[in-house]
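Below: the structure, in structure tokens.
The values are calculated or read from the model by the stated rules, or taken from the named source; none is laboratory data. Computed from a prediction, not measured in an experiment: that's the story for all the values here. All Cβ positions, glycine included, derive from the backbone under ideal geometry; neighbour counts span all protein chains shown. With ligands, DNA and RNA removed, areas are computed over all heavy atoms of the protein, side chains included. Shrake-Rupley method; radii C 1.70, N 1.55, O 1.52, S 1.80 Å.
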Protein chains: 2
Amino acid sequence: MKDTDNIPALMADIGARARDASRTLAFASAESKQIALTAAADAVWDSRADIIAANALDLEYAHDKGLSGAMIDRLMLDEDRLQGVVDSLRSVAAQPDLVGAVIAEWDMPSGLNIQRVRTPLGVIGVIYESRPNVTADAGALCLKAGNAVILRGGSESLHSARAIHACLLQGLRAADLPEDAIQLVPTRDRAAVSEMLGMTEHIDVIVPRGGKGLVGLVQREARVPVFAHLEGIVHIYLDKSADPVKALDVVMNAKTRRTGICGAAECLLVHRDIAASIGADVISALIAAGVELRVTPPLDAIAGTVAAGDDDWGREYLDSILAARPVDDIDEAIAHIRRYGSGHTDCIVTEDASAAAHFFERLDSAILMHNASTQFADGGEFGMGAEIGIATGKLHARGPVGTEQLTSFKYLVRGNGSVRG
Amino acid sequence: MKDTDNIPALMADIGARARDASRTLAFASAESKQIALTAAADAVWDSRADIIAANALDLEYAHDKGLSGAMIDRLMLDEDRLQGVVDSLRSVAAQPDLVGAVIAEWDMPSGLNIQRVRTPLGVIGVIYESRPNVTADAGALCLKAGNAVILRGGSESLHSARAIHACLLQGLRAADLPEDAIQLVPTRDRAAVSEMLGMTEHIDVIVPRGGKGLVGLVQREARVPVFAHLEGIVHIYLDKSADPVKALDVVMNAKTRRTGICGAAECLLVHRDIAASIGADVISALIAAGVELRVTPPLDAIAGTVAAGDDDWGREYLDSILAARPVDDIDEAIAHIRRYGSGHTDCIVTEDASAAAHFFERLDSAILMHNASTQFADGGEFGMGAEIGIATGKLHARGPVGTEQLTSFKYLVRGNGSVRG
């Protein structure tokens, strides 16, 4: 490992090379990017034994560090998971190329022709934690959008990330694109992260992918703009006009399909009029499915519930736990979500179209759902292809962040010796 | 003046009230916003004597502080300028309302219907310098886009800004919209600016409008996202295939129409092959028009030029001064602009379509022009209506910032008890 004593110098060099590469990438042909990604997919498959061997070193390190079973599972690579990485690279390769597309065009009375043309953002910094597949996904999405990328993975996954990164470099070479287009920070030193957060000259936007600790650090320290990825403190409101079957289906899926993803439901708000009927049925079914229900009265009358504490509101469990409380009406539900939600994804279950419209109008989460599981909060399920994450901020990117959100635009103005009067 | 000792408390209160108002504004009807802006325009005209009297206090203060003639001119209000303010308010009122518009809509195989709907950004902080009309323009644009706004004008224009702000409040009252939708920071204390730059909870984006000092402060200190407004270090490249008449027209207009605006040309790059012909003609005409030309050899052979120093490259004069140098070819021009430009607006004059295409492809300024005066870099000239400024960053807003750039979007997802497999 190329550890170095001088992190600022290392990172400044990486940044300058990324900026340089980004200038070439900005006008790289669609074909060359496609060749690079396809060749990278081939390389991952051809090198699967090497990648799995590198991953074994990371797993050993993780065991030594005493990481949790869930963390180790996230870190682990096998042939199946590498097939997933390969599929994902191929699917990004197959996406349409957006760079250079004319988004809008119009003529002005002054005689000017104005085009708004899609451009790459420039240099993206991606700071992520243990999942090694992010190395491939983030690298591929940034490249597809014409950006150079600086990847800083979790220290636990460094060997795996390096092995996958080597395949991405093979892809770049095959397409005659600059290798500096996709750089991996070659050190475990955390100072590299702090350095990235201040590199306003060399990085245009930082995408953090990880838990509260990482996101908090990024939000406190970053001088570079960040695509905010707050927690998914996802709420579902069961309206008094909820359909009992849809309520059961949606809540069960939203909580239990996978508990560890950001679209998993964390809090259930139940209209008081249906607390003892639909609410009780849903809560009982969740408990039967092994979910711990932390509730306030009168929901505590339902067998198997436990009492919620004050700190159960606004909490992202990412586990088989759900907070639940009654509300007097839809506005109390909205007020609760405004106070405790994270603006990621929130859902109403109702047959009353005006209640749904009210919920959609008064709340401002990145994704609002009506009678649909919050686990659909995903770029793929939105038809956007792969995603680098879900943005909860309101600037530039919001919701799933795919290639389109990794682009900007510029204006091209054509005159004929035109002057302003 | 409501000066206060506790700036943090004052600003936190302003921020919380803005956030609150923004929640109501987010679903205010198009009609109510139009009524507010029209009533505000009426109020400005009806109160013109009061506004001009308030402005006299500011002018007196400015004289006492020994401000420059140019600053005092910017500060001054008369009936003509107030007519401009009124016209601008009416023109924003007449713009189409964007909030709530469905930007895109599609169905997924899962049965989900997905809409991308335009929303306000939330709360905008506008920090500006002496021009009192910005109070009306920025307030109107933010309101039209459904945002609450916190206005922090220059200390020199406080009386004028308060008088204009009072008219905006009359408009809000006439439309039954919350008065906290448009707040003016009521103190000259600069600590209020620093406070705004850190109010991540209450302000969604800061728009700085002003000179280098202000923009630098904002860029160094802001924790809140900023629509970067760097200087306009505007370059014009005269290609070897430039048309002599277009070259003369474009450069003369770009430099001399108004020297103090950000779209004014600051540096001329001349292809060596035409330096003694078209280049000399353009430079001589500029000198005859009173422009000081700071040049390097062989352009110093042209009568009336003076020698350029190293610090003349990358400089925003905002004055009757132009730097000029020869380049060997278009790529040297591009390299110069990459090194010294500010990514605002840059222009090529040429009859060679492939040279123009090369210039458009290789450079990444917010606005690139071909055979057109850079003084067209303006929201009005782009057909976007009033603008709050020109953004040189690449995130969210780029180029002229009008109402559209002051909005975000959210996803509305409709299912029928839909669950993810």
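Could you tell me the calculated FRET efficiency between residue A:200 and residue B:354, based on Cβ-Cβ distance and R0 = 30 angstrom, to the nearest 0.05?
According to the calculation, E is roughly 0.30.
If each label sits 7 angstrom from Cα along the C-beta direction, how far apart, in nm, is residue B:66 from its counterparts in the other copies?
Shortest to longest, the spacings are 6.8 nm.
Could you work out what % of the accessible surface of segment B:234-381 is carbon and sulfur, using a 1.4 angstrom probe and leaving DNA, RNA and ligands out of the count?
48 percent
So what's Rg/Rh here for segment A:234-381, counting alpha carbon atoms and using the Kirkwood radius for Rh?
0.92
Calculated FRET efficiency, residue B:9 and residue B:301, Cβ-Cβ r, R0 51 Å, to nearest 0.05?
The pair residue B:9/residue B:301 has a calculated efficiency of 0.20.
So how much accessible surface do B and A hide from each other in total, probe 1.4 Å, in square angstrom to the nearest 100?
5900 Å²
So which trypsin sites (Lys or Arg not before Pro) in segment A:1-102 end up in coil per DSSP with only 10 or fewer other C-beta atoms within 10 Å?
Listed in order of number, the matching sites are A:2.
Please report which chain B residue places its beta carbon nearest the axis carrying chain B onto chain A, with the distance rounded to a whole angstrom.
Output: B:396, 2.
Can you classify segment A:100-225 as rounded, prolate or oblate using the Cα gyration tensor, where a ≥ b ≥ c are the square roots of its eigenvalues, rounded means a/c under 1.5, and otherwise it's prolate if a/b beats b/c and oblate if not?
Since a/c reaches 1.5 but b/c is at least a/b, the shape of segment A:100-225 is classed as oblate.
When Lys and Arg each count +1 and Asp and Glu each count -1, what net charge do the other residues less than 9 Å away from residue B:129, Cβ to Cβ, add up to?
The answer is +2.
Roughly how many Å is it from the Cα centre of segment A:181-232 to that of segment A:233-310, as a whole number?
Distance between centres, Cα-based: 36 Å.
Please grab the % of Cα pairs in segment A:1-63 that end up more than 15 Å from each other.
Tail of the P(r) past 15 Å holds 72 percent of the pairs.
Can you tell me the alpha carbon radius of gyration of the protein assembly as shown divided by the globular rule-of-thumb value 2.2 N^0.38 Å?
Taking N as the residue count of the protein assembly as shown, the ratio is 1.01.
Evaluate the distance, in nm, between pseudo-label points positioned 7 Å from the Cα of residue A:173 and of residue B:83 along their respective Cα→Cβ axes.
Label-label distance for residue A:173 and residue B:83, simple model: 7.2 nm.
In the neighborhood of residue A:384, defined by Cβ-to-Cβ distances under 10 Å, what is the net charge if each Lys or Arg adds +1 and each Asp or Glu adds -1?
Residues close to residue A:384 contribute a combined charge of -4.
Debye calculation, C-alpha points only, no solvent: report log10 I(q)/I(0) for segment B:36-174 at q = 0.11, 0.15 Å⁻¹, in the same order as the q values.
Debye intensities relative to I(0), on a log10 scale: -0.46, -0.73.
Separation between the residue A:70 and residue B:259 pseudo-spin-labels, each 7 Å from Cα along Cα→Cβ, expressed in nm?
6.6 nm
Can you list, shortest first in nanometers, how far residue B:179 lies from the same residue in the other copies, with each label 7 Å from Cα toward Cβ?
6.7
With a cut-off of at most 13 other beta carbons within 10 Å, and DSSP calling the residue loop, which trypsin sites (Lys or Arg not before Pro) in segment B:122-218 qualify? Please list them.
The qualifying sites are B:190.
Which sequence of B:231, A:361 reflects their accessible areas, 1.4 Å probe, from the largest down?
Sorted by accessible area, descending: A:361, B:231.
Enter the accessible area of residue A:73 (Å², nearest 10), with the probe set to 1.4 Å and all protein chains included.
Answer for residue A:73: close to 80 Å² accessible.
Can you report the principal axis dimensions of segment B:357-421 using only the alpha carbons, biggest first, rounded to whole angstrom?
57, 30, 18
Can you check what the net charge comes to around residue B:89, using other residues whose Cβ is under 11 Å from the Cβ of residue B:89 (Lys, Arg +1; Asp, Glu -1)?
In short, -1.
Which order do you get for A:195, A:105 if you rank them by accessible area with a 1.4 Å probe, largest at the top?
Putting A:195, A:105 in descending order of accessible area: A:105, A:195.
Please work out the average accessible area per residue across the protein assembly as shown, using the 1.4 Å probe convention, and give it in Å².
On a per-residue basis, 36 Å².
Exactly which trypsin sites (Lys or Arg not before Pro) in segment B:228-333 are in a DSSP loop and have at most 14 other Cβ atoms within 10 Å?
B:258
Would you mind listing how long chain B runs along its three principal axes, going by Cα atoms, in whole Å with the largest first?
69, 69, 36
So what's the Cα pair-distance distribution over segment B:119-186, bin width 10 Å, in %?
Once binned at 10 Å, the Cα pair distances of segment B:119-186 give 23, 58, 18, 1.
Kirkwood Rh over Cα pairs of segment A:255-317 into Stokes-Einstein at 20 °C, 1.002 mPa s: D in µm²/s?
175 µm²/s
Among A:284-290, A:379-385, B:216-222, A:402-408, how do they line up from the highest to the lowest mean number of other beta-carbon atoms within 10 Å?
Per-residue Cβ counts within 10 Å, averaged per peptide and sorted highest first, yield A:402-408, A:379-385, B:216-222, A:284-290.
Measuring from a point 7 Å out along Cα→Cβ, what nm distances, shortest first, does residue A:105 have to its partners in the other copies?
2.8
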